[in-house]
Amino acid sequence: MRLTRFSDIGLRVLIYLERAGERPHPVTAAEIASQFAIPHNHMVKVVGHLARAGWVRALRGRNGGLRLAADPHVLTVGQVLRELEGDDELVDCEATRCALSLDCQLRGLLKAGMRAFYAEMDRHSLASITGGSTGEQIVRMHKMFWSGTTAEMA
């Protein structure tokens, strides 16, 4: 299994915003895009999806930007991935007209693997993955942005 770029960006946005709570000004999509070297148009699509999910609050206007709207202690990585990746099966046996579909054990095995993956991801909140050195790096990224440098330059 491999996560889509959309989910990767979504997780990065949420992680970045989680540690921006103390900042006086909201984070902009352009800021996050520059910090992670992500095309701005991709960033806007992901932020829009996160806002529709209720996890990000997007403020318009001169002092606008992005703020985390979800409780980082409650929002889990599993919830985010289910929303961004979907909860579909890894293999669509009906669409492929597989000759083994009546007697195949693979489909059940893959379903069990997905359940185990999401169960593990549900054990980790957004707050739990932004602590320690990850959180410290994000705070440095915030400071570097305001000083005119990016993570790539540091």
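The values are calculated or read from the model by the stated rules, or taken from the named source; none is laboratory data. Computed from a predicted model, the values in this text were never measured in an experiment. Methodologically, a virtual Cβ is constructed for each residue, glycine included, from the backbone with ideal geometry; neighbour enumeration extends over all protein chains shown. With ligands, DNA and RNA removed, areas are computed over all heavy atoms of the protein, side chains included. Shrake-Rupley method; radii C 1.70, N 1.55, O 1.52, S 1.80 Å.
Could you check the simple spin-label distance between A119 and Q105, using points 7 Å along Cα→Cβ, in nm with one decimal? Roughly 1.9 nm, to one decimal. Considering only V27, V56, V91, the Gaussian network model of the chain with Cα springs below 10 Å gives its largest mean-square fluctuation to V91. Think of a 1.4 Å ball rolled over the protein heavy atoms: the chain then has 61 Å² of accessible area per residue.
For the chain, a simple Cβ point-charge model (Lys and Arg +1, Asp and Glu -1, everything else neutral) yields a dipole of about 560 debye relative to the Cα centre.
For segment 24-93, a Kirkwood hydrodynamic radius built from all Cα pairs, placed in the Stokes-Einstein relation at 20 °C and 1.002 mPa s, yields a translational diffusion coefficient of 158 µm²/s.
Length available on full extension from D8 to D71: 0.36 nm per residue minus the Cα-Cα distance, which gives 20.7 nm. Evaluated on segment 73-128, the Kirkwood hydrodynamic radius is 12.7 Å, with distances taken between all distinct Cα atoms. Tell me which trypsin sites (Lys or Arg not before Pro) from segment 1-79 have a DSSP coil assignment and no more than 12 other beta carbons within 10 Å of their own. In loop regions of segment 1-79 (DSSP not H, G, I, E or B), the sparsely surrounded trypsin sites (Lys or Arg not before Pro) are R2, R60, R62.
For segment 1-138, the equivalent ellipsoid built from the Cα gyration tensor has semi-axes of 34, 17, 12 Å, listed from largest to smallest. When you filter the trypsin sites (Lys or Arg not before Pro) in segment 85-150 for DSSP loop state and at most 11 other Cβ atoms inside 10 Å of their Cβ, you are left with R97, R123. Using a Gaussian network model of the chain in which every pair of alpha carbons under 10 angstrom is joined by a spring, one finds that among T134, T96, T76 the greatest mean-square fluctuation is at T96.
Taking amide H atoms as placed 1.01 Å from N in the peptide plane, the amide H of V56 lies under 5 Å from those of A51, A69, each 5 or more residues away in sequence or on another chain. When the Gaussian network model of the chain links Cα atoms closer than 10 Å, the mean-square fluctuations of L50, L110, L126 top out at L110. One decimal place: the segment W146-R60 gains 28.9 nm when fully extended, by the rule 0.36 nm per residue minus the C-alpha distance.
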